[in-house]
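Step one of this worksheet: look at the structure below.
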Amino acid sequence: MSNRRHLLQQLAATSLMSALPWRIPAAQTTSTAGQALDIFDLEAAAQGVVPPAHWGYLQSGADGEATLRANVEAYARWKLVPRRFVDVSRVDLSTTVLGAAMASPVYISPIGSLRALHASGDIGVARAAKSKDQLQVVSTQMSDRLEDIVEARGAPVWFQLYTTNRPEATRQLVQRAQRAGCPVVAVTVDTPAGRNTVTATRGRRADTRTCSACHLTDANGNPRPSISTKPMFAGIDTNGLGLTDATLTWDFIRRLKDMTTMKVVLKGLESEADAALAVEHGADGIIVSNHGGRALESGRGTLEALPDVVKGAGGRIPVMVDGGVRRGTDVFKALALGASAVGIGRPYVWGLAAYGEEGVGRALDILNMELRLAMVGCGARNVREISSASVVT
């Protein structure tokens with residue numbers, strides 16, 4: 001026994017121990033998308049190729065980023081309840097939300113300016129969504145033409161709408177989306193009067209490239225925000241046009257429904273009271289969201305808000321959620337707390353930035369694999385069998 005102890009002490013003092021598995025960093029350097037073992041491998045790969053200003057845009061939360069952290073950390077407070085002696089030889093991840101059939105409840109949330117992160121942009125994401133049969137929600141700030149995205153996806157996509165401060169411009173955006181075949185308009189309501197994204201600003205300051213090659217710039221050569229360069233605003237007078245309107249009230253739902261036959265989903269609700277009002281005013285669905293932690297610095301994760309919103313909706317309309325999802329087990333927990341579908345943002349964009357279309361597909365594969373294993377371990381043979389009894393705090 002003493003000889004064995006002496007041997008272990010010697011091994012601990014050598015470089016051999018540093019090579020053992022528990023010494024391996026959590027995020028690995030990968031040369032192909034297929035080598036990524038989890039979402040964090042894709043994040044590490046993306047950080048290695050994305051310039052500082054664009055990385056800051058992607059990673060930034062609001063203010064001190066407490067809400068950004070809360071989105072992720074909220075999932076750790078819920079634990080799965082394993083079940084045994086259930087026949088899980090066949091597990092079905094498929095589901096349907098507002099008429100959209102998808103291979104799993106993981107959907108692609110809208111993020112603008114994707115060509116700043118990879119040349120394939122929204123088209124690459126659409127092709128990946130098609131190959132995996134996942135729902136894609138496209139941003140008003142998309143880098144590619146909506147019609148081209150729909151063609152690449154080969155099926156309808158949902159359109160995320162910034163309300164703008166001019167009704168006629170809003171009408172033009174909405175009617176173009178309807179003509180393109182979008183069945184749902186998801187209205188972002190969580191940033192009515194701007195936001196403070198410190199990390200994004202720091203990233204721009206750290207970037208030594210000349211921005212004028214890609215952006216409109218001010219007199220000092222710094223990028224100047226402008227929606228006039230976005231394809232969705234082609235043919236629209238953008239002089240004085242803003243993306244949001246701080247004067248909007250619940251009456252906007254009725255006015256939007258007067259513009260379109262698309263179903264109206266409100267993206268950015270976080271309270272029971274607002275969920276009940278959404279139903280009362282005719283919304284067709286809700287997405288619990290805080291803009292990926294870059295809206296209000298509330299310090300509250302979207303998963304924490306989800307049960308309240310589900311209660312307010314009362315089963316009358318579907319409730320979806322996004323923000324902070326990094327594992328398939330996170331998706332499982334959100335479904336258990338009442339979500340009909342779960343959106344991902346940064347995870348698929350990390351894959352896009354590092355490996356293009358293939359990276360997006362890998363992100364979806366990883367999350368769906370982890371979700372399937374969670375369902376197997378908890379005895380859920382389909383999405384409908386995931387319930388509040390599947391999780392505990």
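The values are calculated or read from the model by the stated rules, or taken from the named source; none is laboratory data. Because the structure is a prediction, the values reported are computed rather than measured. So basically every Cβ, Gly included, is an ideal-geometry build from the backbone, and we count neighbours across all protein chains shown.
When you scan region 325-343, do you find a residue that is at pLDDT 95 or above, in contact with an Asp or Glu (Cβ under 6 Å, 6 or more places away or on another chain), in a loop (DSSP other than H, G, I, E, B) and surrounded by fewer than 24 Cβ atoms within 10 Å (Cβ to Cβ), even just one?
yes
Find the helices (runs of 4 or more DSSP H) located wholly in region 140-214 whose residues include 3 or more that are of a type outside the set (A, V, I, L, M, F, W, C) and more than 22 Å from the chain's Cα centre (by Cα), and list them. Break it down into steps so the answer makes sense when it comes.
Values: elements: 146-153, 167-179, 198-206.
Qualifying helices (runs of 4 or more DSSP H): 167-179, 198-206.
Go through region 250-270 residue by residue and tally those that are more than 16 Å from Thr191 (Cβ to Cβ) and assigned to a loop (DSSP other than H, G, I, E, B).
Final tally of qualifying residues: 4.
For region 119-133, name all the residues that are surrounded by fewer than 24 Cβ atoms within 10 Å (Cβ to Cβ) and either among the small types (Gly, Ala, Ser) or touching a helix residue (DSSP H, G or I) at 6+ places or on another chain (Cβ under 9 Å) (or both).
Narrowing region 119-133 to residues surrounded by fewer than 24 Cβ atoms within 10 Å (Cβ to Cβ): 119-121, 123, 127, 130-133.
Ala119, Ser120, Gly121, Ile123, Arg127, Lys130, Ser131, Lys132 - these are the residues of region 119-133 that are surrounded by fewer than 24 Cβ atoms within 10 Å (Cβ to Cβ) and either among the small types (Gly, Ala, Ser) or touching a helix residue (DSSP H, G or I) at 6+ places or on another chain (Cβ under 9 Å) (or both).
Kindly provide the set of residues from region 179-196 that are in contact (Cβ under 8 Å) with a residue 60 or more places away in the chain and surrounded by fewer than 16 Cβ atoms within 10 Å (Cβ to Cβ), ordered by number. Give the derivation first.
Residues of region 179-196 that are in contact (Cβ under 8 Å) with a residue 60 or more places away in the chain, as a first pass: 182-191, 195-196.
If the condition is that a residue be in contact (Cβ under 8 Å) with a residue 60 or more places away in the chain and surrounded by fewer than 16 Cβ atoms within 10 Å (Cβ to Cβ), then Asn196 is the only one that fits.
Would you confirm, using the coordinates I've provided, whether Ala45 is within 18 Å of the chain's Cα centre (by Cα), over 11 Å from Thr201 (Cα atoms) and at pLDDT 95 or above? It would help to see each step written out before you state the result.
Working: within 18 Å of the chain's Cα centre (by Cα): no; over 11 Å from Thr201 (Cα atoms): yes; at pLDDT 95 or above: yes.
Considered against the rule, which asks whether it is within 18 Å of the chain's Cα centre (by Cα), over 11 Å from Thr201 (Cα atoms) and at pLDDT 95 or above, Ala45 comes out as no.
Report whether or not Ala336 is more than 24 Å from Ser131 (Cβ to Cβ), in contact with a helix residue (DSSP H, G or I) (Cβ under 6 Å, 6 or more places away or on another chain) and of a type in the set (A, V, I, L, M).
yes
Would you mind stating whether Gly315 is free of Cβ contacts under 8 Å to residues at least 60 places away in the same chain and either surrounded by fewer than 23 Cβ atoms within 10 Å (Cβ to Cβ) or not in a helix (DSSP H, G or I) (or both)?
When the stated conditions are applied, Gly315 passes them.
Does any residue in region 236-254 that is farther than 18 Å from Gln172 by Cβ come within less than 8 Å, Cβ to Cβ, of a residue that is small (Gly, Ala, Ser) and loosely packed, with under 14 Cβ neighbours inside 10 Å six or more places away or on a different chain, and which pairs are these?
Ala246/Ala193; Ile253/Gly282; Arg254/Gly282
So how many residues does region 306-326 have that are among the basic types (Lys, Arg) and touching a Leu at 6+ places or on another chain (Cβ under 7 Å)?
Adding up the residues that qualify gives 0.
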